[in-house]
Amino acid sequence: MVERLQEASSQLKGRSVISLMEWTPTEIKKILSTAQWMKANPKVAEMRYALAGKSVAMIFELPSTRTRVSFHVGIEGLGASVVLLNWEDSQLGRGEPISDTARVLSRYVDGIVVRARRHDMVQDLKKWADVPVFNALTDRTHPFQALADALTLWEHAGHLGGLKFSYVGDGNNMAHSYMVVGAKLGMHVTIGTPKQFAPGPELVAWAQAEAAMTGGSVTLVEDPEQAVFGADAVAADVFVSMGDTVDEDTKKAMMAPYQVNAKLMKLAKPGAVFMHCLPAHRGEEVTAEVLEGPQSVVFDQAENRLYVQKSALYHCLAD
Ligand code: CP
Ligand code: NVA
């Protein structure tokens, strides 16, 4: 029997992906299951025309390798065309308001992928755009990386609810995204950070309340060993993110105890996976031994960006 592409969800059509806080667990699981199906059935012809005749704009204010390429390939893989805008080459770089840009682009394209320094910029874009907006990373969240990482973990563990997911390092956009997705999917998320770099308290409170409804939990600790103890997955990210205005050397020195190395990994479950959204700094937040070691799934995570993004684009944009 020829596998058919499942119908795009009418509930998701026209929706944006901003932080996933606005998505229900069922909707998130739908994106993940379609992504898994797309990965398993790459040759289904229907998929190549699912967004035929449509265009998606991509705006990048910050550098990117994975996001830029995976969105580009994914959009074209669904039959739509891509318009790539580098911030500085567009009128945004000369100060044209986001409200005008959003309304103008909405007259030309069917969706907008955006990577921006400030989360409120993406929220503004969504407010003014008449087409779905896909957050490709802000200072606050990186929802598609969290979806790709959830898919990766699902592939490895066979389920997500009840897993212990530990992130150690800076309380940054990745920490936030893991709290959101973990809370939505009933996972036990532990975030290990120094107090001064802890995730935003409002988001922590939101995630804890959300997790209480899904059977998961969100816990903040300062001790990295306590954070990873008994974990099914240990995740790290750069100590200094793009656009972070701190003194890099000072912050890296303060974060050094949060490096994921072989000694720290031993405290997790024996079959635990190591995760990193990449790019990684070997010798800083993770040792080369762990990053390149048998527990590392970092390239599966990168690969899965393609499928979760194609899945979301399909459900949100297909007719
Ligand atoms: N993980 C990730 O978003 O990578 P890029 O910055 O290369 O897009
Ligand atoms: N926290 C990192 C993620 C990069 C994909 C950053 O924002 O730079």
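Tabulated data for the structure shown
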item: Qualifying position, being more than 30 Å from Asn41 (Cα to Cα), surrounded by fewer than 21 Cβ atoms within 10 Å (Cβ to Cβ) and charged (D, E, K, R), among Asp300, Asp319, Asp244, Asp237; result: Asp244
item: Lone unmet requirement of (1) part of a loop (DSSP other than H, G, I, E, B); (2) at pLDDT 95 or above for Thr245; result: (2)
item: Any hit, the range 104-112, residues being of a type in the set (Val, Ile, Thr), under 24 Å from Ala318 (Cα atoms) and within 15 Å of ligand 1 (Cβ to nearest atom); result: no
item: Selected residue (criterion: surrounded by the fewest Cβ atoms within 10 Å (Cβ to Cβ)) from residues of the range 27-43 that are within 24 Å of Val204 (Cβ to Cβ) and more than 14 Å from the chain's Cα centre (by Cα); result: Lys29
item: Members of the range 38-66 that are part of a helix (DSSP H, G or I) and in contact with a Phe, Trp or Tyr (Cβ under 9 Å, 6 or more places away or on another chain); result: Met38, Lys39, Met47
item: Restricting the range 277-293 to residues that are under 23 Å from Thr250 (Cβ atoms) and within 16 Å of ligand 2 (Cβ to nearest atom), the residue that is surrounded by the most Cβ atoms within 10 Å (Cβ to Cβ); result: Val286
item: Positions within the range 153-171 being outside any loop (DSSP other than H, G, I, E, B) and within 15 Å of ligand 2 (Cβ to nearest atom), in sequence order; result: Tyr167, Val168
item: Qualifying positions in the range 206-236 - among the polar types (S, T, N, Q), touching a helix residue (DSSP H, G or I) at 6+ places or on another chain (Cβ under 8 Å) and in a strand (DSSP E or B); result: Ser217
item: Which numbered condition Gln145 misses (of (1) within 13 Å of ligand 2 (Cβ to nearest atom); (2) over 30 Å from Gly230 (Cβ atoms)); result: (2)
item: Flag for Met58 being over 27 Å from Glu210 (Cβ atoms) and either surrounded by 15 or more Cβ atoms within 10 Å (Cβ to Cβ) or among the basic types (Lys, Arg) (or both); result: yes
item: Residues being assigned to a helix (DSSP H, G or I) and of a type outside the set (Ser, Thr, Tyr) - total across the range 173-205; result: 18
item: Test: residue in the range 118-134 that is in contact (Cβ under 8 Å) with a residue 24 or more places away in the chain, more than 22 Å from the chain's Cα centre (by Cα), more than 16 Å from ligand 2 (Cβ to nearest atom) and within 30 Å of Lys43 (Cβ to Cβ); result: no
item: From Ser90, Ser64, residue being of a type in the set (Gly, Ala, Ser) and over 20 Å from the mean Cα position of the chain (by Cα); result: Ser90
item: Top-ranked residue of the range 266-299 - restricted to ones that are of a type outside the set (Phe, Trp, Tyr) and assigned to a strand (DSSP E or B), ranked as nearest to ligand 1 (Cβ to nearest atom); result: His276
item: Subset tally (residues that are of a type in the set (Asp, Glu) and either surrounded by fewer than 18 Cβ atoms within 10 Å (Cβ to Cβ) or within 16 Å of ligand 2 (Cβ to nearest atom) (or both)) for the range 195-234; result: 4
item: Lone qualifier among Val73, Val69 - being in contact (Cβ under 8 Å) with a residue 12 or more places away in the chain, in a helix (DSSP H, G or I) and within 16 Å of ligand 1 (Cβ to nearest atom); result: Val73
item: Qualifying residue in the range 278-300 (condition: of a type in the set (Val, Ile, Thr), in contact with a Pro (Cβ under 9 Å, 6 or more places away or on another chain) and either modelled with pLDDT of 95 or more or more than 14 Å from Val168 (Cα to Cα) (or both)); result: no
item: Among residues of the range 181-197, those that are under 15 Å from Trp23 (Cβ atoms) and either within 16 Å of ligand 1 (Cβ to nearest atom) or more than 16 Å from the chain's Cα centre (by Cα) (or both), counted; result: 2
item: Residue in the range 133-146 that is nearest to Val109 (Cα to Cα), counting only those that are away from ligand 1 (no atom under 12 Å from the Cβ) and surrounded by 24 or more Cβ atoms within 10 Å (Cβ to Cβ); result: Val133
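The values are calculated or read from the model by the stated rules, or taken from the named source; none is laboratory data. Keep in mind that what you see is a predicted model, and the values were worked out from it rather than measured. Methodologically, a virtual Cβ is constructed for each residue, glycine included, from the backbone with ideal geometry; neighbour enumeration extends over all protein chains shown.
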